[in-house]
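Asker: Sharing a structure below in structure tokens format, with a few things to ask.
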Amino acid sequence: MSGQLQERLHFACEVQLIAADNSDDQIVYTSPDGLLVLLITPDVEGETMVSFHGFEWAIAGSELPGAAENLDLAIKDYVASVMDDSAIIAVLMQDGEMTDVWITEDPESDIECNSSDESILFRRWSGAVVSQPE
């Protein structure tokens, strides 16, 4: 078995151990550094929502690419893109505290929209820092 395949299988096993179902059928994933908690919450006003615990940002499963064809697969693919470090996570900071967290498709636009007393850090699920666009 190749080293890369072995790493991906090991990662997949770790993800299964980190994920936990609670009594509300909510699925919870905690980032390896413990700073972020990703929630998949079914049936919020008829929608399955993906969000970060403690922060306002959320996306409805029906808004994800491929959701019209297969909602469950679209959510699974979206969560996988976060966990395998493909997705960029924006972290809004104010006075040294995280005030919002979201998945970003356009970091440059996010930087342009924040106020002077805020800063945005970009990271991956693993905690790896993403350099900011110029």
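Any read-out appearing in this document is the output of simple, stated calculations on the displayed coordinates, not a laboratory observation. From a predicted model like this one, the values you see are computed outputs, not experimental measurements. Cβ coordinates were reconstructed from backbone atoms using ideal geometry, including for glycine residues, and neighbour counts include every protein chain displayed.
Asker: How would you order 34-43, 62-71 from highest to lowest mean count of nearby Cβ atoms within 10 Å?
Answerer: 34-43, 62-71
Asker: Further question on the same structure: Which cross-chain or sequence-distant (5 or more) residues have an amide H under 5 Å from the amide H of GLN26, H modelled 1.01 Å from N in plane?
Answerer: none
Asker: Ok, one more. Quote to one decimal, in nm, the extra length available between ASP84 and LEU39 on full extension: 0.36 nm per residue of separation minus the C-alpha distance between them.
Answerer: Values: separation 45, 0.36 × 45 = 16.20 nm, distance 1.61 nm.
Going from the current span to full extension adds 14.6 nm.
Asker: Further question on the same structure: Could you calculate the contour length gain from SER116 to ASP77, that is, 0.36 nm times the residue separation minus the distance between their Cα atoms, to one decimal place in nm?
Answerer: Contour length minus Cα-Cα distance gives 10.5 nm.
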